[in-house]
Every structure is written in C-alpha cells, then in structure tokens.
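Only the coordinates and a few stated rules stand behind these numbers; no lab work does. As the structure is a computational prediction, the values presented were derived from the model and not from experiment. Don't worry about glycine lacking a Cβ; one is built from the backbone with ideal geometry, like all the others, and counts go over all protein chains shown.
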Amino acid sequence: MLKWEEKIIDWINRYMLLTAAVFVVIAAAWMRMGGRNYVGNDYHCTLYDVPGNCNSFLFRRLADFLMLHFADNAITLLKLLAYAGDFAVTFLVLLICRKDTALKRFILLTAFLLSPVTLLYSVSGMKPDSVCMSLLLLGYLCFRRGLSIPAMLLTQSAGFLYPAYWPVSIIAGLCMVNQARKYPSTLPAAQSASHDSGKLPIAGKRMKKTNNECLTTQTVILALLMAFCLLLSVFMENSSPGNDYFWGKIFVTNPFTAEIYSGFLPWLGGMCRIYGYLTAVGLTLLAVRCRKLRIPALLIQAAVIMYIGWQQTFFMAL
C-alpha cells in the first residue's frame, strides 16, 4: 500500500465521525433544497389571509410582505426560514450536549437533521416550528448563563411567531420565575452582589437582605415581562379588522375547513398535528439521555408521519 493511501485511511479512521457528520449535513441540505417548491394542501392557510389562516400577526405580515415583493419566490423564502430553524435547533442541541461523547453528538446531529418529522414539517408545511424551537432552546441557554431577561424575551418570542407555542412559552416563563424565586444566586444581580461582597466587608444579614432584594426585583421583573408579552399578543391578534382573527384561534379552528372543530376527536387530531413537531423533537432530545424513551420516541415519530400523511391525503381527496 502506498504512503498516501495509508495517510488517507489513517485520517478517515481518526476523523470518521467528523467525515460522517459532513456527509449528514450535505445530505440534509440537499434533501431540503430538493423539496423547496413542494407545498402541502394547506399552503393557502400560510400564504393568504383566508378564514383558515391561524398564524400569528407577525407571521401573517411576513407572508404578506413576501407575497407582495417576492411573489414568485415566497414559498421558497418561507421554506428557507424553516430550514434555517432546523439547522439552528441542531446546533443549539449540540451546544447543550457538548459534554457528551462524540458518538452521542453525531447521533443527535443525524436524528435532528434527517428526521422524517422535521423534514415533513419544514418541507411541506412551511410552519415556523423549528424557528420557535430554536428560540426556546436559545432562551434555555441564556437562562443557564444567568441572562434571565433575554431568556424570557426569547421564550415569549416563540409564541409571538407561532400562537401554538404560547402554552410552551408560558410554561417556560413560569419555570424561570419559579427558578428565580428559589435560587437567587443564578440571577445576574445576585451574582454581582456576591462578587462585590468579596471586595467589600458586608455583614451576613446585610448580604442576605441584598440577595433577597435582588431575588424579589428579578422575580417581579420576569413575571411582569411575561404578562406584558402575553397581553401584547392578545391585543395584536384581536386588533385585526373584521374579527377574522382572534387570540387562540389556532386552538379552536380547523385550518382545512376554516370552521370550529365539531367535537373532541377532530380537535384532538388538530392538536396532534400542531404539536407533532414539538413532541417528536422533545422526545428525541430526551431519548439520548434516557434509554427507556428511545422506543417511544421512534413510535411517536412514526405516528406523527402516518397521521399527517393520512390527513394530507384525506383532505386532498375532499
């Protein structure tokens, strides 16, 4: 065997996972760009102000802007937004799990970029689920570093972009408020106070009072900021003329028929479609940590794919 052949084989053996990761990224980008012009049968609910449109005020304005100035490429541009969200989610997950082994990180990379569920939602649906998920993950990273206010703004932004994520954003916001109430040392103000205490002689009671004041202030600020974001969203959604849109419309209206759900089972089917991406991605992330969740994660992904495929076929037949 020649020396250059031995060097190539040695490099491949040493950087096998890195080489495979590069191929995964290229394959993921190629598959997404190959489906950039494909749309599902409910694409009109995303691009046009029709009764079945359940998107947020901000997303509707974005779609109107693209349709007005880039009518021929509006679908592709919305797809690129969803594709960017897919890669952002993958990068943030790898950042969160940076202390794991290289093999686990490669599995996460493959699972998030080549998952049929993520491909289905970004390629056919033009839904901003991946962008909202990346905002939630980025907010989690900011809160872990003590940036509580930016973390709150990022998590609430997911609800502004896609109303289906308001329950998740509110739960994340309440968790931040609760965390701030229990552990003041994780907050920037308390951390600065503790640093100052190393320079200046502060009595124990005074230091405890300072931490409590920081804790109370930060907790109130986070709670008020979350309430303000929620009220602003309600005002924006309810301010559209003609009462065609209202806050919470996505939870009660079938986008295919533009009518209120007729019963519990149709409503449950609609919620499964809305939260299919969030459930599949969340379980995939947890499955890496817990082996018991790996089979349920695969079953959930298969169920989401089959259900959305049946739904698209059924309503196209109508």
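Over all other residues within a Cβ to Cβ distance under 13 Å of Leu138, the charged ones net out to +2, with Lys and Arg as +1 and Asp and Glu as -1. Across the stretch 73-90, coupling constants 3J(HN,Hα) worked out from phi with the 6.51/-1.76/1.60 Karplus curve, θ = phi - 60°, read 10, 4, 5, 4, 5, 5, 5, 4, 4, 5, 5, 4, x, 4, 6, 5, 4, 4 Hz, and Gly and Pro carry x. Couplings 3J(HN,Hα) for the stretch 155-160, derived from phi with the Karplus relation 6.51 cos²θ - 1.76 cosθ + 1.60 (θ = phi - 60°), are 5, 6, 5, 4, x, 4 Hz, where x marks Gly and Pro.
Working note: Karplus 6.51/-1.76/1.60 with θ = phi - 60° gives the stretch 287-300 the couplings 5, 5, 7, 10, 5, 5, 8, 5, 5, x, 5, 5, 5, 5 Hz, where Gly and Pro are set to x.
Do any trypsin sites (Lys or Arg not before Pro) in the stretch 89-187 lie in a DSSP loop with no more than 12 other beta carbon atoms within 10 Å, and if so, which? When the trypsin sites (Lys or Arg not before Pro) of the stretch 89-187 are filtered for loop state and at most 12 Cβ neighbours within 10 Å, Arg98, Lys99, Arg145 remain. For Glu259, nonlocal amide neighbours, meaning residues 5 or more places apart or on other chains whose placed amide H falls under 5 Å from its own, are Asn254.
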